[in-house]
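The values are calculated or read from the model by the stated rules, or taken from the named source; none is laboratory data. Computed from a prediction, not measured in an experiment: that's the story for all the values here. What goes into the accessible areas is simple: the full protein's heavy atoms, side chains included, and nothing from ligands, DNA or RNA. Shrake-Rupley method; radii C 1.70, N 1.55, O 1.52, S 1.80 Å.
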Amino acid sequence: MREAKGSKRRGRDVRHSGGGFVRNWLPPLLVVALLASGLAAYRFEWGQRYLPWLAADPATEPEQVLLPAGLDLPEWSAPIAPTAVDDAAAAVVPDRVASALRADLADPDLGRHVVGAVSSLAPGSEPWTSGDGRFLPASTTKLLTVGAALETLGPDHTFTTRVVRGDSPREVVLVGGGDPLLASRPLTVAEAATAYPARADVATLALEVADALGGAGRVRVRYDDSLFTGPTDNPAWRRDYVPDDIVSPITALMVDGGVAPDGLSRSDDPSAAAADAFAEALRAAGLRVAGEPRRDVVRPGAEQLAAVEGAPLAQVAERVLDVSDNEGAEVLAHHVGIATSGTGSFEAGAAGVLATLDALGIDVSGDEVYDGSGLSRRNRISTSTVLGLLQEAADPDSAALRTLVTGLPVAGFTGSLTYRFDEGPALARGLVRAKTGTLTGVHALAGIAVDRDGVPLAFVLAADKVAPEDRYDAQDALDRAAGSLATCRCSRTPG
């Protein structure tokens with residue numbers, strides 16, 4: 001199932017006396033909201049994307065203002081290197097973590113299998129753990145997928161969709177490059193002002209092709225989606241996921257994430273749907289399209305007529321993590337398979353993800369991964385795997401993985417956590433960022449919380465045997481537990 005975007009679960013008896021509540025509380029609430037937004041934008045680096053008025057203007061920012069005459073400032077010097085005491089300060093104190101989380105993780109709504117793990121962000125640091133450490137990860141699997149994609153491809157990697165000349169001068173072939181965010185049309189001006197990241201589209205591609213062909217005449221359309229191989233419906237998924245439009249078939253040539261033109265369903269054949277959208281755009285560009293698009297495989301060295309390039313992987317990764325994009329995660333996993341074994345399939349992608357993490361020094365020996373999105377109920381990973389990946393991503397020497405941290409949804413503010421954390425410590429909103437994981441009977445959170453002393457802590461909290469009727473209460477219990485880390489002095493302090 002798709003991750004819940006958030007909803008109010010239990011009715012609350014809220015009474016108002018005339019307009020007193022609005023008059024008395026609305027102004028201070030607005031002030032608090034603005035201050036919180038500013039703090040989160042500064043602390044978590046999302047000002048330019050979500051709060052554009054906080055973006056720096058290089059023409060007016062302080063660094064562009066000349067110093068007053070006569071002001072003498074000391075020369076800049078490099079910061080002092082961290083000491084052994086600093087390293088000790090990074091360690092978590094198990095008793096404090098246990099005290100902070102005990103009540104929330106013992107909530108009966110979480111069911112009979114609950115795991116938890118908390119550590120500092122220092123690689124190799126000893127974690128606090130609870131439970132057996134192995135769990136059904138649901139969409140927290142996307143952390144592994146995105147991490148492996150960033151490591152194997154690099155954060156600046158882009159995905160290109162091409163059109164080449166076919167077997168005859170007036171035959172054109174649309175070639176899928178596995179762009180997870182390829183669109184059927186360009187964004188409107190209003191959409192472009194708020195959309196992130198920017199996206200390539202087949203309508204723009206069609207205009208370039210029409211121009212290359214002289215702007216008139218008759219063409220035949222073919223399409224090539226052979227970059228990915230194997231089944232388009234993962235054998236490790238429930239049989240109804242694709243037929244019931246829970247997730248699209250995964251191909252190397254998809255537009256709009258596989259959503260059908262009606263916007264209400266998913267295409268049975270996303271590659272054919274993308275080719276249809278391209279053919280329609282060619283007609284709008286003034287060409288006459290003969291017949292229906294047909295699948296083909298381009299010959300080596302075919303002449304390229306046009307190409308469009310998608311957003312950098314770092315931005316795609318942020319999007320996948322932010323909204324828990326199932327199709328986007330599966331496409332990225334297929335690319336990991338190509339990068340590690342030359343094969344773009346579900347099986348090769350899952351194997352490539354684990355192999356990439358293993359090469360980073362993360363112990364994945366007890367993990368089982370069958371997809372990139374976490375929809376498979378056969379997946380099993382350990383809390384130590386997730387903690388190790390978060391530590392690696394937070395390491396200043398691991399610049400390629402940085403997006404894994406900066407792309408995490410922020411509690412109470414962005415993505416799949418926008419409407420979460422409405423219970424428990426209010427301080428957690430803005431100080432916890434995490435990837436959610438939700439399937440029937442499964443709830444998980446994995447990410448980073450900043451404790452009361454300002455020390456960031458990596459954490460994994462999960463329950464995978466939750467009764468269906470307790471799903472919202474279980475979600476709240478995990479939110480409270482993560483929030484408790486933000487109010488805890490859980491790290492060792494010097495002296």
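Here the accessible area of region 228-316 is 51 percent carbon and sulfur, with a 1.4 angstrom probe and all protein chains present.
The heavy atoms of TRP128 present about 30 square angstrom of accessible area, all protein chains included, probe 1.4 Å.
Once Rg and the Kirkwood radius are both taken over the C-alpha atoms of region 216-271, their ratio Rg/Rh works out to 1.07. Counting heavy atoms of the protein chains alone, ASP132 has an accessible area of about 110 Å² for a 1.4 Å probe.
Coordinate range of the alpha-carbon atoms in region 243-380 per principal axis, descending: 57, 39, 26 Å.
On average over all directions, what projected area in square nanometres does region 296-449 have, based on the convex hull of its Cα atoms?
Details: hull surface 47.8 nm².
Seen from a random direction, the Cα hull of region 296-449 projects 12.0 nm² on average.
The gain in end-to-end length when the HIS157 to ARG102 segment is fully stretched comes to 15.5 nm, 0.36 nm per residue minus the alpha carbon separation. Compactness of region 207-302 was expressed as the Cα radius of gyration divided by 2.2 N^0.38 Å, which yields 1.23. Distance from the C-alpha centroid of region 160-231 to that of region 396-423: 32 Å, rounded to the whole angstrom. Relative to the globular-protein estimate of 2.2 N^0.38 Å, the Cα radius of gyration of region 108-266 stands at 1.43.
Applying D = kT/(6 pi eta Rh) to region 155-241, where Rh is the Kirkwood radius over alpha-carbon pairs, T corresponds to 37 °C and eta to 0.692 mPa s, the Stokes-Einstein value obtained is 212 µm²/s. Per-residue surface analysis assigns HIS443 an accessible area of about 10 Å², computed on protein heavy atoms at 1.4 Å probe radius.
Across region 250-317, C-alpha contacts under 8 Å between residues 6 or more apart give a mean separation that, scaled by the residue count, equals a relative contact order of 21 percent.
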